[in-house]
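The values are calculated or read from the model by the stated rules, or taken from the named source; none is laboratory data. Keep in mind it's a predicted model, so treat the numbers as computed, not measured. No Cβ is skipped: glycine too gets one built from the backbone with ideal geometry, and neighbour counts run over all protein chains shown. Remember, those area values only see protein heavy atoms, side chains included, never the ligands or the DNA or RNA. Shrake-Rupley method; radii C 1.70, N 1.55, O 1.52, S 1.80 Å.
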Amino acid sequence: MKAVIINSAGFNEVGAEGARLQQAFMAEARRYGIRVFGPNCQGTINTDAAHRAYCNFTNTMPQAGAISLAALSGGVGGLILQGLADTGVGLRMYASNGNACDVSIAEILRYWGDDEATRAVVLYTEGFADPREFLEVASDVAARKPVLAMKAGRTEQGAKAASSHTGSLAGVDIATELIFEKTGILSFRDEGELVRAALAFATQPIPRGPRVAILANTGGPAVIATDALVAEGLEVPPLSAVSVERLRGALLPQAALTNPVDVVATAGAEHFRAAIEVLQDDPDIDALYLNFVTPSFTDTQAIAREIVAAARKRSKPIVCNLMTDLTQERFRATQRLLVDGGVPCYAYPSEAARALAALDRYRRLRARPQAAPKVFDDVDARRARSIVESALRAGRSQLGAGEVAALFGCYRIPMAASVVVDDAESAARAAQSIGYPVVVKVDAEAASHKSDVGGVAIDLADAQAVRAAVSDMQGRLGHLGALRFQVQKFVPGGQELIVGATRAAGLGHMLMFGLGGVHVEVLGDVVFRLCPVSAPQAQGMLTAIRAAALLDGVRGRPALCKRALVELIQRLSMMLAELPEIEELDLNPVLAFADSVCAVDGRIRVGALRTA
């Protein structure tokens, strides 16, 4: 295969003239069957002895290793590359493809997924030209080896405010984050933490569980480590009686035999080796965390050699918080022994804790239950499609209240009974048929947030109250255009939740769940997932919000019906899959009770699908 790397800038990134130049050389490349890497890129590095190449200008000459790094930005790529080198992480391959007009990040990821010498992949991205391609490739690769990623642009605001709660809460980077979540990619927000995690993935096995034993030769840092590990979701459990007795016979009398295990500062290499062996043998321990201070009165290099010998068994992951004075050669030699022996070393307890937590995060991602999205056989897909197509033919994007209720009814999504009418007398008759008390809401395309314009009247107990409410809205809201009115059964009580969706270019729908009502704007306690959403994923959404405890019942209130919420999310996911023309959708609020859920308001906006 013929290929060319174009390092120089001045193409698509600078404007129309550059874009025309880029299109011209790509046309020539396709004509002659040449693959193009770049332009506006740093290039590639390959440390494989059989194919060693430095087609790059980062000024970093990495040692051979097992981590492969890809970055759209050469500047950030160079920063991470140098960070890996500074922490002793060897590199397998490096690729910074700039404009990515031909060879994409997804292609690079696929190649490294098949490369046996690449133990883990590190990615830096600023978005994807073809998110669907990346989603498909990443789903395959991340299932086979760790992929660590960081995306920039988290604080930018969307260029256009969306009309629904869901749209406005989906920030500009949420789609990329959801790709990471769905495919099992580990996401990072800090480049230093990303580099430090890569150090652990380069050398250590994935833990079998969250239980960590701390081994220290000084007390204070072990306390910091305990706090940091627990904060990251790991456990520091008591040791088994068998392990305690083995430690008692192997360590100095002053040693602390609980978890953390403190071998004390005067401990020698034999004490460290014995303690590590006990902890590696303990079936209730999944990973080891070392706090290793280097006292001047011990043979720290001998201790380092014993730690390396134990780590080479690779039975359990080991990370080391090495607290030392690197101005002294003997302690630099101690550090070199550990690093060269494949023991990841960190200067601070919390850094080591977060690196170990990254290994455990990957374990949990791999252990997530897998299930196909549920297909419900009691839906009326034909009628639902006719509702959407009718609106599109009429040139309408916002569905009316009656259409929204009918569409949700097609998919058996529980919603309070309602009727849409034109005037006060019709509203009174509708209320009589539904049964009091009722709610009256204005139905107008210009009033997407009905309560904001005073278009909602609740707990109406008789026909007189209904007529008065409709008449009042007619007088106050006539400036909104043609008005209709939705008369709905009043449903008191319940926990207010929101379920919604917004369409992401190239990816389909992002489905949202969280606290509803006015809380959605004030607290923003919501979580998104890419559709389709399976039952385990829906269950995970319920536990992912900050207020998840409310669903389990607090202060004497009963637990809410999670089964019904999970089913509602799955039904909505199926509806979105079958009706891709839906651009934005809100069910807000959804009232959740101990035995059921019921939506009392909904909005849907539709739009024709764009063709490539």
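Give, as a single signed number, the net charge of other residues whose beta carbon lies under 11 Å from the beta carbon of Ala463, with Lys and Arg counted +1 and Asp and Glu -1.
Combined, the nearby Lys, Arg, Asp and Glu give 0.
Among residues other than Phe25 whose Cβ falls under 13 Å from its Cβ, what is the net charge (Lys/Arg +1, Asp/Glu -1)?
+2
According to the calculation over all Cα-Cα pairs in the chain, the P(r) per 10 Å bin from zero is 3, 14, 20, 19, 17, 13, 8, 4, 1, 0 %.
A 1.4 Å probe run over the protein chains yields, for the range 426-526, 42 Å² of accessible area per residue, whole-number rounding. Computed extension gain for Arg563 through Ser139, at 0.36 nm per residue and net of the alpha carbon distance, reaches 149.9 nm. For a straight C-alpha distance cut-off of 20 angstrom, the aspartates and glutamates reachable from Lys313 (same-chain residues fewer than eight places away being disregarded) are Glu270, Glu277, Asp281, Asp282, Asp284, Asp286, Asp340, Asp360. Pairs to check: Lys182/Lys450; Lys2/Lys151; Lys145/Lys182. Give those whose C-alpha atoms are more than 23 Å from each other in this structure. Distance filter (> 23 Å) returns Lys182/Lys450; Lys2/Lys151. When each of the peptides 61-68, 551-558 is scored by the mean number of other C-beta atoms lying within 10 Å of its residues, the order from highest to lowest reads 61-68, 551-558. Quote the FRET efficiency, to the nearest 0.05, computed for Val230 versus Val293 with a Förster distance R0 of 22 Å and r equal to the Cβ-Cβ distance. With R0 = 22 Å, the Cβ-Cβ based efficiency is 0.50.
Computed from Cα positions, the angle between helix 269-281 and the longest principal axis of the chain comes to roughly 40 degrees. Using the average count of surrounding beta-carbon atoms within 10 Å as a protection proxy, the listed peptides 235-243, 133-141 rank, highest first, as 133-141, 235-243. For the chain, the longest principal axis of the Cα atoms and the long axis of helix 535-544 meet at an angle of about 80 degrees. Per the Debye calculation on the range 253-379 with a single equal scatterer at every Cα and no solvent contribution, log₁₀ I(q)/I(0) for q = 0.11, 0.17 Å⁻¹ amounts to -0.43, -0.90.
Shown for the range 294-333 is the translational diffusion coefficient from the Stokes-Einstein equation, using the Kirkwood radius over Cα pairs, a temperature of 4 °C and a viscosity of 1.567 mPa s: 115 µm²/s.
Three semi-axes describe the equivalent ellipsoid of the range 390-461; taken as square roots of 5 times the Cα gyration tensor eigenvalues and ordered largest first, they are 22, 16, 12 Å. Computed from Cα atoms, the angle from the helix 219-231 axis to the main principal axis of the chain rounds to 30 degrees.
So if the hydrodynamic radius of the range 233-309 is defined as the Kirkwood radius over C-alpha pairs, what does Stokes-Einstein give as its diffusion coefficient at 4 °C and 1.567 mPa s, in µm² per second?
Estimated diffusion coefficient is 101 µm²/s.
Only one residue of Gln488, Thr334, Ala225 has its Cα farthest out toward the positive end of the dipole of the chain, where Lys and Arg carry +1 and Asp and Glu -1 on Cβ, and that residue is Thr334.
Need the C-alpha centroid separation for the range 26-96 versus the range 479-541, integer Å. The distance from the Cα centre of the range 26-96 to that of the range 479-541 comes to 43 Å. Taking only the C-alpha atoms of the range 44-126, the Rg (one decimal) and the largest Cα-Cα distance, Dmax (whole number), read 11.6, 33 Å.
Per residue, the convex hull spanned by the Cα atoms of the range 438-486 amounts to 61 cubic angstrom.
Annotation: extensible slack from Ser386 through Gln328 equals 13.1 nm (criterion: 0.36 nm per residue apart, minus Cα-Cα distance).
The residues of the range 220-376 expose, per residue, 45 Å² of accessible area to a 1.4 Å probe.
Rolling a 1.4 Å probe over the protein heavy atoms of the range 364-490, with every protein chain left in place, gives an accessible area that is 50 percent carbon and sulfur.
For Tyr348 and His51 in the same chain, what is the full-extension length gain: residue separation times 0.36 nm, less their Cα-Cα distance, in nm? Spell out each step's value before the answer.
Working: separation 297, 0.36 × 297 = 106.92 nm, distance 3.76 nm.
Additional length available on full extension: 103.2 nm.
Protein heavy-atom surface of the range 15-78, 1.4 angstrom probe: 56% of the accessible area is carbon and sulfur, with nucleic acids and ligands not counted. With a/c under 1.5 counting as rounded, go ahead and sort the range 1-55 into rounded, prolate or oblate using the C-alpha gyration tensor (a ≥ b ≥ c being the square roots of the eigenvalues; past the cut-off, prolate if a/b is larger than b/c, else oblate). It is oblate, given that a/c is not under 1.5 and a/b is not larger than b/c.
Would you please classify the overall shape of the range 305-353 from the alpha carbon gyration tensor, given that a ≥ b ≥ c denote the square roots of the eigenvalues, rounded means a/c under 1.5, and beyond that prolate means a/b larger than b/c while oblate covers the rest? Verdict is oblate for the range 305-353. Taken along the Cα-to-beta-carbon direction at a fixed 7 Å, the label points for Arg429 and Asp281 span 8.7 nm. In terms of its Cα atoms, the range 1-107 spans 43, 29, 22 Å along the principal axes, sorted from long to short.
What Kirkwood hydrodynamic radius do you get for the range 78-154 when you take the inverse of the mean 1/r over all pairs of distinct Cα atoms, in Å?
Values: mean 1/r = 0.0754 Å⁻¹.
Computed over the range 78-154, the radius equals 13.3 Å.
With the Cα gyration tensor of the range 458-612 giving a ≥ b ≥ c as the square roots of its eigenvalues, does the rule (a/c under 1.5 for rounded; else a/b larger than b/c for prolate; else oblate) give rounded, prolate or oblate? Oblate is the answer for the range 458-612, as a/c is 1.5 or above yet b/c matches or exceeds a/b. The radius of gyration of the Cα set in the range 506-592, together with its Dmax, comes out at 13.2, 46 angstrom.
Placing a pseudo-label 7 Å from each Cα along the Cα-to-Cβ vector at Ser240 and Ala309 gives an inter-label distance of 2.4 nm.
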